[in-house]
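The block underneath contains the structure these notes are about, expressed in structure tokens.
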Amino acid sequence: MKKALLLGTTGIAVALAMLAFGFVAGSPQIAKAGTTQPVQATQPVQTAGADTKAADTKIDRTEVEGIIRDYLLKNPEVLLEVQDALEAKQKEEQRIAALGVIKNAKEQIFNSSFDGIVGNPNGKVTIVEFYDYNCGFCKRAIEDMRALTKADPDLRFVLKEFPILGPDSQKASVVSMAFHLMKPEKYGEFHNALLGGQGRATEAAAIKIALSLGADEATLREKMKDPSITEAFSKTYDLANKLSITGTPSYVVGNEVVFGALGQEVLTQKIEAAKAAL
């Protein structure tokens with residue numbers, strides 16, 4: 001985190017220096033450090049019967065960079081202010097971009113046939129979770145899902161497979177989606193058992209849970225070959241990219257994307273905001 005901040009502020013310092021140098025380089029006069037007099041461009045004076053030119057001004061780059069350096073050393077808080085402003089601008093741009101994506105991909109986000117549903121299938125408010133079966137934060141966040149669906153009978157909770165943590169996660173999700181195709185009514189139980197279980201989620205672990213819930217192994221393995229599963233993964237990865245989702249868990253609530261396991265209280269606030277917007 002500190003390294004990222006250092007790199008960010010260093011970049012900002014360089015940008016400020018370049019901006020200042022560019023501004024001063026375009027001005028024939030330079031205000032000395034410590035003065036408050038504005039820089040004014042000298043205009044050439046046209047005298048009757050004579051041609052005159054404005055005197056060329058030679059800019060000392062080292063001097064300008066020294067001025068910028070001295071200012072930033074005396075006022076380092078400027079870097080933090082600029083960093084905060086930049087982050088706020090980027091977040092707002094990201095929010096606006098997400099609004100467009102959510103508007104144009106509502107069906108894929110909220111009503112994909114490959115996504116499992118817990119809570120009320122006909123609930124007025126939907127929260128979509130992008131998750132990976134081997135994500136430690138997702139394992140902890142499962143309690144948030146359980147608590148939210150228990151507390152709000154009108155909540156529809158959509159589970160979107162987003163395996164990004166290696167081959168084990170991908171294979172476990174293939175089993176999960178195949179099981180969902182076979183027994184959608186038992187998907188919630190499967191999800192809770194695999195994500196809430198101990199140890200790493202693997203294809204073998206996922207198959208064991210599926211069989212314990214009544215799946216026929218031969219049929220399950222055949223469903224795992226369904227090309228539509230690979231297609232669904234591809235669409236989810238593309239959707240996540242458009243929504244700037246790079247980690248799990250991430251959520252879509254109403255017209256907002258929520259990043260990270262922020263806890264039940266924050267998610268409840270987002271759900272209430274979504275309800276108010278209906």
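The values are calculated or read from the model by the stated rules, or taken from the named source; none is laboratory data. Not measured: the values here are computed from a predicted model. Backbone-built Cβ (ideal geometry, glycine too); neighbour counts: all protein chains shown. When the accessible area is computed, the model is the full protein with side chains, heavy atoms only, and any ligands, DNA or RNA have been set aside. Shrake-Rupley method; radii C 1.70, N 1.55, O 1.52, S 1.80 Å.
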### Message
For segment 206-226, give me each residue that is touching a residue at least 12 places away in the same chain (Cβ under 8 Å) and open to solvent by less than 70 Å² (accessible area, probe 1.4 Å).
### Response
206, 207, 209, 210, 213, 214, 215, 219, 220, 224, 226
### Query
So which residues in segment 145-175 are surrounded by fewer than 20 Cβ atoms within 10 Å (Cβ to Cβ) and touching an Asp or Glu at 6+ places or on another chain (Cβ under 8 Å)?
164, 165, 168
### Query
Which one of these does residue 168 not meet: (1) at pLDDT 95 or above; (2) in a loop (DSSP other than H, G, I, E, B); (3) of a type outside the set (Val, Ile, Thr)?
(2)
### Task
Search segment 241-268 for residues being free of Cβ contacts under 8 Å to residues at least 40 places away in the same chain and surrounded by 14 or more Cβ atoms within 10 Å (Cβ to Cβ), and hand back the single one that is farthest from the chain's Cα centre (by Cα).
266
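What do you reckon, is residue 238 over 25 Å from the mean Cα position of the chain (by Cα) and surrounded by fewer than 20 Cβ atoms within 10 Å (Cβ to Cβ)? Before the answer, list the steps.
On the way: over 25 Å from the mean Cα position of the chain (by Cα): no; surrounded by fewer than 20 Cβ atoms within 10 Å (Cβ to Cβ): yes.
No.
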### Task
Go through segment 189-202 residue by residue and tally those that are open to solvent by 20 Å² or more (accessible area, probe 1.4 Å) and in contact (Cβ under 8 Å) with a residue 60 or more places away in the chain.
1
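In the list 201, 218, 210, which residue meets the criterion of being assigned to a loop (DSSP other than H, G, I, E, B) and either of a type outside the set (Lys, Arg) or over 20 Å from residue 134 (Cα atoms) (or both)? I'd like the intermediate steps shown before the answer.
On the way: 218 fails: assigned to a loop (DSSP other than H, G, I, E, B); 210 fails: assigned to a loop (DSSP other than H, G, I, E, B).
After applying the criteria, what remains is 201.
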